[in-house]
1. Among (1) among the aliphatic types (A, V, I, L, M); (2) touching a strand residue (DSSP E or B) at 6+ places or on another chain (Cβ under 7 Å); (3) within 28 Å of Ala329 (Cα to Cα), which single condition is Ile56 missing?
2. Go through (1) at pLDDT 95 or above; (2) in contact with a strand residue (DSSP E or B) (Cβ under 9 Å, 6 or more places away or on another chain); (3) farther than 18 Å from Ile128 by Cβ one by one and return the number of the condition Gly326 breaks.
3. Could we say that Gly71 is within 16 Å of the ligand (Cβ to nearest atom) and under 23 Å from the mean Cα position of the chain (by Cα) here?
4. Working only within region 159-186, note down all residues that are among the β-branched types (Val, Ile, Thr), part of a helix (DSSP H, G or I) and more than 16 Å from the ligand (Cβ to nearest atom).
5. Filter region 107-155 down to residues that are assigned to a strand (DSSP E or B) and more than 16 Å from the ligand (Cβ to nearest atom), then give me how many there are.
6. Count, please, the residues in region 187-208 that happen to be part of a loop (DSSP other than H, G, I, E, B) and over 19 Å from Gln230 (Cβ atoms).
7. It is to be established whether one or more residues within region 139-154 are surrounded by fewer than 18 Cβ atoms within 10 Å (Cβ to Cβ), in contact (Cβ under 8 Å) with a residue 24 or more places away in the chain and of a type in the set (Phe, Trp, Tyr).
8. Of the residues that sit in region 279-314 and are surrounded by fewer than 18 Cβ atoms within 10 Å (Cβ to Cβ) and touching a residue at least 12 places away in the same chain (Cβ under 8 Å), which one is nearest to Gly13 (Cα to Cα)?
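The values are calculated or read from the model by the stated rules, or taken from the named source; none is laboratory data. Quantities reported herein were computed from a predicted structural model and do not represent experimental measurements. Quick reminder, even Gly has a Cβ in these numbers, built from the backbone with ideal geometry, and neighbours come from all protein chains shown.
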Amino acid sequence: MSVNEKASITERGAVLLGKHVACDAYNETRPIRVVTHAHADHMAGLPQSLKKNAKILMTRGTKDLIDAMQGKSYLRRGNVQPVEYGQTVQYEDEKTTLYKADHILGAAQVMVEDKEGKRIVFTGDFRIDETPILECDILVIEATYGSPHCRRRFHKDTHDSLISLVEHGLKQGPVYIFGYHGKIQEVMQILNNANINVPFLVPENVYNISRVCEKHNMRLGKLVLQNELQAFTLQEKQDPYIGFYHMHSRNRIGLDNFRICVSGWEFYSATRQTGEKEYLVALSDHSDFDGLLEYVRRSRPRLVITDNYRVHYGETLAKEIQKHLGIPAVAQPKNRLF
Ligand SMILES: [Zn+2]
């Protein structure tokens, strides 16, 4: 097997590692499917995988999140094997191991070791802060912020900025916070640790995911379901509370209230005012451009493949890796089929 036959990304977004593994999309040539984490763009083709793959590997945290989102019977249709970080699964002559990725609950990097001892790694989505760097021969890396324009230029602590903004908002009444699954719970944890003890009002999908995070030892605060009597009372009296909703609800919920969107797509300041009572907080669960390069530098691969399926910066990141680090790098796939 030549170097680039050991890893590639297909036009449908499957990250192929070694001979047997496909990560984050279904691929008919691979018996093993890995789900690196419970974000939708990493669960492509899961119904087919449940029908056809010999084994589907994911962490317990990822499994619990998918159970909460899809119902428990969903994953029971296939041969899902929950694995711990660091636990190795052997399939014929290759070993597959999941390692922690600092992203959302349960997120994992994947390492395949082939029979020659070559290490092939896929980072999945990650934030470099708490992600262990895996040394390897071939590295497949995410490219969400793979452009030099995506450098966080601020050094102010984003957590402190978020906490002060929420405290400021609560003086005026309820605060609504919008983010993606996983990030919402990270915000709850930050606010709870800062002793912001007002009730957290949540819809059912956010509630279910939050309960999973609590089961995995995150401490989030006092959750109130939006259809409970207590929620109606809080809203009627306009007592201080924080509503947490998925980003998709931001155009229809809490329109007259103090609002905060958490998003990584902000590189110049930790917070930015975007409307009369609306702010953006630059809390990201991905590495910025410098973090991506740092991972590659410390991982010391002979070849890098950048994920050009889930974002548009694959090509840019591959060029920048070659320019700054002198390591051969290619973006895959060249074309995308959805
Ligand atoms: Zn993700």
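1. Just one mismatch for Ile56, condition (3).
2. So the condition that Gly326 fails would be (2).
3. Working: within 16 Å of the ligand (Cβ to nearest atom): no; under 23 Å from the mean Cα position of the chain (by Cα): yes.
Considered against the rule, which asks whether it is within 16 Å of the ligand (Cβ to nearest atom) and under 23 Å from the mean Cα position of the chain (by Cα), Gly71 comes out as no.
4. Within region 159-186, the subset among the β-branched types (Val, Ile, Thr) is 163, 166, 175, 177, 184.
Within this subset, residues satisfying the condition of being part of a helix (DSSP H, G or I) are 163, 166, 184.
Listed by number, the residues that qualify are Ile163, Val166.
5. So in region 107-155, the residues assigned to a strand (DSSP E or B) come out as 108-113, 119-122, 138-141.
When the remaining residues are screened for being more than 16 Å from the ligand (Cβ to nearest atom), the result is 111-113, 119-121, 138-139.
Total satisfying the criteria: 8.
6. Filtering region 187-208 down to residues part of a loop (DSSP other than H, G, I, E, B) leaves 194-199, 203.
Applying the additional criterion that residues be over 19 Å from Gln230 (Cβ atoms) yields 194-195.
Qualifying residue count for the region: 2.
7. Yes - at least one qualifying residue is present in region 139-154.
8. From region 279-314, those surrounded by fewer than 18 Cβ atoms within 10 Å (Cβ to Cβ) are 290, 294, 297-298, 300, 302, 312; that's our starting set.
Narrowing the set further to residues that are touching a residue at least 12 places away in the same chain (Cβ under 8 Å) leaves 290, 294, 297-298, 300, 302.
Details: Asp290: 24, Glu294: 24, Arg297: 25, Arg298: 26, Arg300: 24, Arg302: 22 Å.
Restricting to residues being surrounded by fewer than 18 Cβ atoms within 10 Å (Cβ to Cβ) and touching a residue at least 12 places away in the same chain (Cβ under 8 Å), the top hit is Arg302.
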